[in-house]
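Below is one structure, written out as structure tokens; the observations come after it.
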Amino acid sequence: MQPATMDPAEEPPSMLWGLDPIFCAFARLYVRDILQMTESTQVPGIYFYNLHPIYKVDVLGTVVYKREREDFFCYGVDDGTGVINCLCWKNDLLKEEEDPTKCGKHSDGAQGGFNPVAELALLRRAQQSRCRLEIGELLRVRGPVKTSRQQREIMASTFYKVNDPVMAVQIAWMMEVPQLYRQCYDKPLELQPNATGDSAISSLSKATNIIKEFLKQKSVTRFRPYDVQDLLQPLISSQPQTASADPEPVAGPSACQQLRQLLKEALQILQDEGVVYRKVKSQDEVYHVTAHDTDLLIAVKDVIREDSQREKYAEKGCHILHILSAVRQRHSLNVSKATLELVLKSLECNSDIVSTSDNHYTAF
């Protein structure tokens, strides 16, 4: 494979790489993506995935080939998406050959007591067994990525055999890595947002927080947009006006229109987060506050309590999508998954329900 290099025009400046938290972490990327990453033209040895600068990775996979030399092991690791070379250097203990006669000579010296020499030999053998892998065994390796002879490989700083007889480690890994992709790696890096966009995001974030704080302090159960509209007025009044050399006034949205738009966007964010929802969608916009809606909490609790007694859900509990469907039929069609997740979290904190496994719940 011919390694690709980054277009200098698209590559973010190296002085800003440290602003990306992924740059200082061992990125848990799929082998396929490690092999396809583009290399920096500014600093060799730095690679980019979705404009995130990366130079060290964390991989878990099965050994599909091995080669041993005096100073290192070379393992081919397959994580299901591809195979990558892992160069694993031996430390001094691994280079030393074990002398069985020397170990036996000291094994009886303590006459059945604690023998430091024998214990050290056991520790060394345990370390060797964790570093000497056979084909088919599970290896975890962490280290920087290098390109040698036009081939991408990992220069291991840490590596060891993973004992995983029931595949618990692999299952946990397969559940965690997609979440890291969604939350970090697949989100584009924005190191230099423009001033206008940054100001708009800041105002929207402030507006959302103001409404949240108001609902919390006043213990509001439901409200209409005009009940909270005046709370956002200072955000519109405090926005800086752009100076213009043109003496003619430029038409633009009025302060009232800006206020309504800001309120609309803030309420949409609160709905996306599940903080509020509209039980009935009509011209009379009424928003119910999830945390204070006792009818919704009772409906969710009743669904879990009743359905978890059925044979189908007795062992594992009710899946969140089943609960969502039942609550929509019983309470409101407009209940979102985000809203339900907040309710489930609240009920679990109050010990009304318990999560039996990922996204499954049952009543006490």
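The values are calculated or read from the model by the stated rules, or taken from the named source; none is laboratory data. Just so it is clear, the structure is predicted and the values come from calculations on it, not from any experiment. Backbone-built Cβ (ideal geometry, glycine too); neighbour counts: all protein chains shown. We work out accessible area using only protein heavy atoms, side chains counted, and drop any ligands, DNA or RNA first. Shrake-Rupley method; radii C 1.70, N 1.55, O 1.52, S 1.80 Å.
Of everything listed in (1) exposed (fewer than 15 other Cβ atoms within 10 Å of the Cβ); (2) part of a strand (DSSP E or B), the single unmet condition for THR362 is (1). Of all residues in region 329-343, those satisfying the criterion of being crowded, with 16+ Cβ neighbours inside 10 Å and outside any helix (DSSP H, G or I) are HIS331, SER332, VAL335, SER336. Here region 278-312 is the region considered, the condition is being part of a helix (DSSP H, G or I) and open to solvent by less than 30 Å² (accessible area, probe 1.4 Å), and the residue that is nearest to ASP358 (Cα to Cα) is ILE304.
Name the residues in region 313-328 that are of a type outside the set (A, V, I, L, M), farther than 15 Å from LEU344 by Cα and either out of contact with any helix residue (DSSP H, G or I) (no Cβ under 9 Å at 6 or more places or on another chain) or open to solvent by 100 Å² or more (accessible area, probe 1.4 Å) (or both), would you? Spell out the reasoning first.
Residues of region 313-328 of a type outside the set (A, V, I, L, M): 313, 315-319, 322, 325, 328.
Filter once more, keeping what is farther than 15 Å from LEU344 by Cα: 313, 315-316.
Within region 313-328, GLU315, LYS316 qualify.
If we keep just the residues of region 106-123 that are open to solvent by 100 Å² or more (accessible area, probe 1.4 Å) and part of a loop (DSSP other than H, G, I, E, B), which is modelled with the highest pLDDT? Full working, then the answer.
Taking region 106-123 and keeping what is open to solvent by 100 Å² or more (accessible area, probe 1.4 Å), we get 108, 111, 114, 120, 123.
In the following step, the residues that additionally are part of a loop (DSSP other than H, G, I, E, B) were identified as 108, 111, 114.
Values: ASP108: 49, GLN111: 53, PHE114: 79.
Here the residue is PHE114.
Restricting attention to region 52-63, does a residue exist that is over 22 Å from the mean Cα position of the chain (by Cα) and under 26 Å from GLY136 (Cβ atoms)?
At the first step, the residues of region 52-63 found to be over 22 Å from the mean Cα position of the chain (by Cα) are 62-63.
With the extra rule that they be under 26 Å from GLY136 (Cβ atoms), the set shrinks to 62-63.
The answer is yes, given that some residue of region 52-63 is over 22 Å from the mean Cα position of the chain (by Cα) and under 26 Å from GLY136 (Cβ atoms).
Checking each residue in region 41-54 for being crowded, with 19+ Cβ neighbours inside 10 Å and either among the charged types (D, E, K, R) or touching a helix residue (DSSP H, G or I) at 6+ places or on another chain (Cβ under 9 Å) (or both) picks out ILE46, TYR47, TYR49, HIS52, PRO53, ILE54. Mind telling me which of the residues GLY143, GLY136 ends up being at pLDDT 90 or above, open to solvent by less than 50 Å² (accessible area, probe 1.4 Å) and closer than 26 Å to GLU68 by Cα? Matching residue, one of GLY143, GLY136: GLY143.
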